[in-house]
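Reading through the structure tokens given below for one structure.
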Amino acid sequence: MDRVNAVARRLPTWVVYVAGTLPFLWLVWLVVSGDIGADPVRLVERKLGLTGLQFLLASLAITPLRRIGLNLIRFRRALGLLAFFYIALHLTAWVWLDMGLRWSEVVADLWKRPYIILGMVGLVAMLPLAATSTNAAIRAMGPLAWGRLHRLAYIALIAGVLHLLILVKIWTGRELAYAAIAVVLLGLRLLPRRAKPKPVRAAA
Ligand code: HEM
């Protein structure tokens, strides 16, 4: 574990941002090369949603991993912002590619596929997190209030996973695995934290 922590300390965060955009570039390549199957819009939409969920889970796994000695905290912000990037693109793909920017169809689709509303709840929960991701925002809010606000990530996770569980007609191992990881992360969040040792006063 110490060796992994040492490597992580030396790894610049931009590497995570660059690596994190690779799934997007791969998707662009598939579209450009035409090697994207019979229903490209649905595939793009789904791949963006799934990648967003994966980054959200990864960002929420950072704190529990620290409890077992793996310190990847430097990458949490990058992972969270990548999750937001993919989910924002996921929304764009739905509104633009799927609905063709026809707002009457957008509203009709919400009635037809109400699980999209759950997705929207997830995205709305992520907005303040993305907006307060800068060091200046953390300083302005104070770490306590910032930490409380960032509990919204769990709302985004619950909404995102329910959205997935409802939209697929049959649950396979994939859906159950995402749901199980989300339950474990939420469960760990609810576990009481180890109390910090009180400072020992020097004897007079
Ligand atoms: C404004 C917000 C959102 C909208 C409009 C939206 C819309 C959609 C649509 C239309 C689909 C495709 C359904 C189909 O193929 O029949 C989908 C799939 C999906 N969405 Fe969303 N979604 C939103 C937010 C989210 C969020 C917040 C997450 C996760 C954090 C998420 C994760 C997924 C996943 C994992 C899939 C399925 C991917 C797959 O089957 O491979 N979505 N969403």
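Read-outs: derived from the displayed coordinates by stated rules, not from any lab. A quick note: this is a predicted structure, and the numbers were derived from the prediction, not measured. Don't worry about glycine lacking a Cβ; one is built from the backbone with ideal geometry, like all the others, and counts go over all protein chains shown.
What percent do you get for the relative contact order of the range 2-189 when only Cα pairs under 8 Å and 6+ apart count?
On the way: 154 pairs, mean separation 40.9, N = 188.
Answer for the range 2-189 is 22 percent.
What whole-number distance in Å separates the alpha-carbon centres of the range 51-84 and the range 100-126?
Measuring centre to centre over Cα atoms gives 27 Å.
Calculate the dipole size of the chain relative to its Cα centre from +1 charges on Lys and Arg beta carbons and -1 charges on Asp and Glu beta carbons; express the result in debye to the nearest 20. Mind showing how you got there, number by number?
On the way: 25 positive and 8 negative charges, 293 e Å.
Here the chain has a charge dipole of around 1400 debye.
Quick one: angle between helix 40-67 and the longest Cα principal axis of the chain, in degrees between 0 and 90, rounded to 10, please.
The helix 40-67 is inclined about 10 degrees to the chain.
Along the range 136-142, what does the Karplus equation 6.51 cos²θ - 1.76 cosθ + 1.60 (θ = phi - 60°) give for ³J(HN,Hα), rounded to whole Hz, x for Gly and Pro?
4, 5, 4, 5, 5, 7, x
Does anyone have the angle between helix 173-190 and the longest principal axis of the chain? Alpha-carbon axes, 0 to 90°, nearest 10?
Orientation of helix 173-190: about 30 degrees from the principal axis.
Ranking request for peptides 48-55, 5-12, 150-157, 94-101: highest mean number of other beta-carbon atoms within 10 Å first, then the rest in descending order.
Details: 48-55: 22.1, 5-12: 10.9, 150-157: 18.9, 94-101: 14.4.
Going by the mean number of other Cβ atoms within 10 Å, highest first, we get 48-55, 150-157, 94-101, 5-12.
Go through 134-142, 74-82 and give me the packing order, highest mean Cβ count within 10 Å leading. Before the final figure, lay out the partial values.
Values: 134-142: 11.2, 74-82: 20.6.
Going from most to least packed, we get 74-82, 134-142.
Quick one: grab the alpha carbon gyration tensor of the chain, order the square roots of its eigenvalues as a ≥ b ≥ c, and give me rounded if a/c is under 1.5, else prolate or oblate depending on whether a/b is larger than b/c. Numbers along the way, then the final one.
Values: a/c = 2.05, a/b = 1.77, b/c = 1.16.
Cα axes put the chain in the prolate bin.
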